[in-house]
Structures are given as structure tokens and as C-alpha cells.
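The values are calculated or read from the model by the stated rules, or taken from the named source; none is laboratory data. Bear in mind that the values here come from a model prediction, so they are computed numbers and not experimental data. As a convention, Cβ positions derive from the backbone with ideal geometry for all residues, glycine included, and neighbour counts pool all protein chains shown.
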Amino acid sequence: MAGDSDLSEGEHSVLFLHPHWKTVLMPFLLLVLVVVVAAVLVVVIPHNRLQTDERIAVGVIALLVAVIWTGIPFLRWRTTTYELTNRRLRLRRGIVSRTGRDFPLIRISDVSFSHGPIDRLLRCGKLIVESAGEHGQLVLNEIPEVEKVQATLFQLVEDEQERLAREDR
């Protein structure tokens, strides 16, 4: 599992996920549209001595649009990860440069979720994590199987509180 090497002793990964696939649905549909429009333009370009240059231009523009409007959102989706361990909630994101945030489970005071009708149909939603300290509330959008993640996180918070209470005795 990704990230296991940088976990502390006694810590193990429980859940590892990316944002829901619906975040790349629009870029994918845009890619299909770009391919269709480029194919139509290539066919419609009249036969003359400049047809090769015009077709190359259509191909280059289509490729640039596909990379910028489809490739970058896909890479952003693929490089954004949420990892839930038995000790913390880890957030990692970034294509070229990476940023990360860790939330110790012991600081989490409340975990809730919300999702609308489309989200319920696609089995995803918004996870809201209340944390003691300066950061307050963390809102994670497009979490797959958000109800399961919320229940797992809530259980892990309780388990961590019990573990620390046993250590204090």
C-alpha cells in the first residue's frame, strides 16, 4: 500500500482512497467531445494544397486541449490521496510539488457526512471532520462510499481514544 514506509511504528493503513471518479467525468466527456470535433474538422477540411497543414493544426490544437483540460484534471485526481490509518488521517495532493496534511485521530471530535441525490446514486459525498485546535473543520469533497468512510473513521477515533486511555493507566 502506498505510503506504508512513512508510517510510524505500530501504525498501519486502514483505508486508502482517491476522490470519487465523478471528479474526472466532465474532463473525460470533454475529451470525447474534442476527439469528435477534431475528427469532423479533419474530414470537413477541403482538399487543396494546404490540407496537410490545416489537419496538423487541428491535431495540435486538439492535443493541447486534451492535455490541458483532461490530462491535468486526471493527474490531479490520481495524485490526490486520502489515507486513514489507525493513528491519523493523511491528505496528500500535488502533481509536480506535493503537499500533505496529517490529522491525529485523537484530535478529531466529530465526523459527519452529507450527500445529495446524485451523490447518493454515485455512492459518494462530503466528509466533514471537526478537529480540536487551530484548524477547526476539515471538509473533504467527493469521497467515495462516504458513509463507510465516516463509520470507519468514527470507529478508529474511538479505538485510538481507548488505546491512549489504556496507556495512561
Condition set surrounded by 14 or more Cβ atoms within 10 Å (Cβ to Cβ) and farther than 16 Å from Glu147 by Cα, scope region 107-126, selection farthest from the chain's Cα centre (by Cα): answer is Arg107
By residue number, the members of region 132-168 that are farther than 19 Å from Arg87 by Cβ and not small (Gly, Ala, Ser) are Glu134, Gln137, Val139, Asn141, Glu142, Ile143, Pro144, Glu145, Val146, Glu147, Lys148
Select from region 43-74 the residues that are surrounded by 15 or more Cβ atoms within 10 Å (Cβ to Cβ) and of a type in the set (A, V, I, L, M) and list them in ascending order. Ile45, Val58, Ala62, Val65, Ala66
Condition check for Thr23: in contact (Cβ under 8 Å) with a residue 40 or more places away in the chain and not acidic (Asp, Glu): yes
Checking the condition within 29 Å of the chain's Cα centre (by Cα), more than 30 Å from Glu145 (Cα to Cα) and in contact (Cβ under 8 Å) with a residue 12 or more places away in the chain, which residue from Val42, Val58, Val65 passes? Val65
May I ask you to list the residues in region 130-143 that are surrounded by 11 or more Cβ atoms within 10 Å (Cβ to Cβ), charged (D, E, K, R) and on the phi < 0 side of the Ramachandran plot? Glu130
Per the filter on region 125-137, residues in a strand (DSSP E or B) and modelled with pLDDT under 90 are Ser131, Gln137
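Please verify whether Ile143 is part of a loop (DSSP other than H, G, I, E, B) and under 23 Å from Ser13 (Cβ atoms), treating the condition exactly as stated.
Criteria not met by Ile143.
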Just checking, which of Val40, Val60, Val24 is among the hydrophobic types (A, V, I, L, M, F, W, C), in contact with a Phe, Trp or Tyr (Cβ under 7 Å, 6 or more places away or on another chain) and part of a helix (DSSP H, G or I)? Val24
In region 149-169, what residues are among the polar types (S, T, N, Q), surrounded by 13 or more Cβ atoms within 10 Å (Cβ to Cβ) and more than 16 Å from Ser131 (Cβ to Cβ)? Thr152
Index of the failed condition, Val146 passing every other in (1) hydrophobic (A, V, I, L, M, F, W, C); (2) surrounded by fewer than 18 Cβ atoms within 10 Å (Cβ to Cβ); (3) over 23 Å from Leu30 (Cα atoms): (2)
Val96 passes all but one of the listed conditions (1) of a type outside the set (Phe, Trp, Tyr); (2) in a loop (DSSP other than H, G, I, E, B); (3) in contact (Cβ under 8 Å) with a residue 60 or more places away in the chain; the exception is number (3)
